[in-house]
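Following: one structure in structure tokens, then a few remarks.
The values are calculated or read from the model by the stated rules, or taken from the named source; none is laboratory data. All values derive from a computational prediction rather than experimental measurement. Here the Cβ positions follow ideal geometry from the backbone for every residue, glycine too, while neighbour counts run over all protein chains shown.
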Amino acid sequence: MKRLNRRSFLKGGLASGVTAAAVTGSVGKADAAGDFGGYPDSMGVLVDLTKCIGCRTCEAACNKEQNLPAPDKPFTDMSVHDEVRHGGLPRRTSEKAYTVVNKYEVEGREHPLFRKVQCNHCQEPGCLTSCFVNAYTKTPEGAVIYDPKVCVGCRTCMIACPFYIPAYSYSSPINPVVKKCIMCYDTRLKFGRPPACVEACPQQVMTFGKRKDLIDLAHKTIKSRPSLYLDHVYGEKEVGGTSWMYLTSQDAPFGEIGFDTHLGKQPIINYVKEFLAIVPMVLTIWPALFTGFHLLATRKEAKKNDESVS
Amino acid sequence: MGIKKRKLLGLALMAAMVSPWSLPGPATAEVFELDSVKNLYEGVSFDHDMHIEITGEDCTACHHHTAGTAPVDPLCVTCHANSPEADDPSCKSCHAKDVFDADNMKKNWDTPLLHHRNKPGLKAAYHRNCLGCHEEIGAPTGCTDCHAMTEVGEKFYNTGKYAPEPTAAGQGGGHH
Ligand code: SF4
Ligand code: SF4
Ligand code: SF4
């Protein structure tokens, strides 16, 4: 259902921003995300869900590394695993938590399975392609980062992300900005170091390495214990591939632990492209309009700042 | 095995102090402190003797193939069916404490045909090795059952004296 909504959203032209930016030929972006398939030496993380014990140490590590506000409950409080949002869904990432660990009771399994959620750092990110002010960048190291100064808080990326990751900070009512996991780019990845959550995990659930090596390792791991692992590396192919990939156990298939198994192998941009083919040129005026909005918003903000300074 | 030259290092050294001449068999008669990765938590006071007893003197239960007993996991048997006792069978002699160090990661990924490519670091080796059995036999599995949290830990986990003030709204979160 949701997936259809998203696609029809992108196809149906409600996403004027998407249309606009792409029609005017944001060449850089088209190159960066079109048929590009990712940087060859980019890094990734392989998450072995069979090893996670749900201890939330990764959440605490992220909170500290990213200087996020204090949590509502201690990170040692395991009652969060039983929290539900509307629709019976478990916790999702928010502007206060770039990663959350959720619990899944799977029928026929003695123990629950825990799953850490954060940005998957797609090879061809839907958030990036849908952003009409180019706030997003996919770095050669693999991280999908964003410039909060450029973000206008329009939430298009939130709708374009197949994994429901981007959240918004409303600390400023005029200028809400996107907030999400950046794979610890500024403080770690840039320097070749693994993300904070990866390093903090007591079970070493996550392996950090070059994405292509991790794919290799993932298949070898499956082969080494074929009766334990499900023969599927989630993220190897999904939506054109993601930097974070997952292994699960056979008795807890991805569909039963909150993963969308109907995403297909096409990057999200391809749906945008399909749509673009039918967009009349008249829409090229839209970027101008949006740039106008953006300028207005930033001017307003700047003015406000000026006033508060003087 | 009896005449095998053993390096009297680490655990073995402690064993030697207790009974220098009884070579084979369980190596230590000590309760020792597993503290090389302490930070958020204190070290673990580990009763080796008690664990020897609990496992029925089956060193393989924890030491894979390094204690001179044959491995049972078919995956390990392929190469280690006849592996001799390791010079130093302690966990830390194989599982790197600083597994995420640049050098260690480089060695890990750049050694061609390396089989144990994602060998867990010391912290994960302890947790994975201990927790599996503990769960199975109903031994303690809570974090503070084995090691007390340090003040650094309390700050890190926002707990104890660093616990958040309970808010009227419960857990806001601002999800939409
Ligand atoms: S720190 Fe590791 S074991 Fe603990 S919840 Fe996170 S991924 Fe799971
Ligand atoms: S998971 Fe979502 S937010 Fe992260 S890169 Fe992919 S599309 Fe963007
Ligand atoms: S990679 Fe960094 S930002 Fe992302 S969830 Fe882990 S600690 Fe947080």
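Some observations on this one:
- Qualifying residue in region A:201-211 (condition: modelled with pLDDT under 95 and within 14 Å of ligand 3 (Cβ to nearest atom)): no
Residue by residue, here is whether (1) touching a helix residue (DSSP H, G or I) at 6+ places or on another chain (Cβ under 7 Å); (2) farther than 24 Å from A:Glu95 by Cβ holds:
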residue: A:Gly153; (1), (2): no, no
residue: A:Tyr164; (1), (2): no, no
residue: A:Thr187; (1), (2): yes, no
residue: A:Phe191; (1), (2): no, yes
residue: A:Leu217; (1), (2): no, yes
residue: A:Thr221; (1), (2): no, yes
residue: A:Pro226; (1), (2): no, yes
residue: A:Leu247; (1), (2): yes, yes
residue: A:Ala252; (1), (2): no, yes
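Yes or no, residue by residue, for (1) more than 22 Å from A:Arg56 (Cα to Cα); (2) more than 14 Å from every other protein chain (Cβ to nearest Cβ):
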position	(1), (2)
A:Cys151	yes, yes
A:Tyr164	no, no
A:Asp216	yes, no
A:Lys223	yes, no
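- Of residues in region A:166-184 being touching an Asp or Glu at 6+ places or on another chain (Cβ under 7 Å) and part of a loop (DSSP other than H, G, I, E, B), the one nearest to the other protein chains (Cβ to nearest Cβ): A:Cys184
- Per the listing A:Arg109, A:Arg92, the residue uniquely touching a residue at least 60 places away in the same chain (Cβ under 8 Å) and under 29 Å from A:Gln266 (Cβ atoms) is A:Arg92.
- Test: residue in region A:156-177 that is hydrophobic (A, V, I, L, M, F, W, C), within 12 Å of ligand 2 (Cβ to nearest atom), modelled with pLDDT under 95 and surrounded by fewer than 19 Cβ atoms within 10 Å (Cβ to Cβ): yes
- Filter result for B:Ala61 (in contact (Cβ under 8 Å) with a residue 60 or more places away in the chain, within 18 Å of the chain's Cα centre (by Cα) and farther than 30 Å from A:Lys220 by Cα): no
- Search result, residues across region A:44-103 that are among the basic types (Lys, Arg) and either at the interface with another protein chain (Cβ under 8 Å from one of its Cβ atoms) or within 14 Å of ligand 3 (Cβ to nearest atom) (or both): A:Lys51, A:Arg56, A:Lys64, A:Lys73, A:Arg85, A:Arg91, A:Arg92, A:Lys96
- Flag for B:Asn129 being without any contact (Cβ under 8 Å) to a residue 12 or more places away in the chain and either within 25 Å of B:Leu75 (Cβ to Cβ) or within 11 Å of chain A (Cβ to nearest Cβ) (or both): no
- Qualifying residue in region A:91-102 (condition: more than 26 Å from A:Gln204 (Cα to Cα), in the same structural domain as A:Ala200 (by TED's automatic domain parsing), more than 16 Å from ligand 1 (Cβ to nearest atom) and not hydroxyl-bearing (Ser, Thr, Tyr)): no
- Qualifying position, being away from every other protein chain (no Cβ under 14 Å), away from ligand 2 (no atom under 15 Å from the Cβ) and either surrounded by fewer than 23 Cβ atoms within 10 Å (Cβ to Cβ) or modelled with pLDDT under 95 (or both), among A:Gly192, A:Gly108: A:Gly108
- Among the residues of region B:114-126, just one is more than 9 Å from chain A (Cβ to nearest Cβ) and in contact with a helix residue (DSSP H, G or I) (Cβ under 6 Å, 6 or more places away or on another chain), namely B:Leu122.
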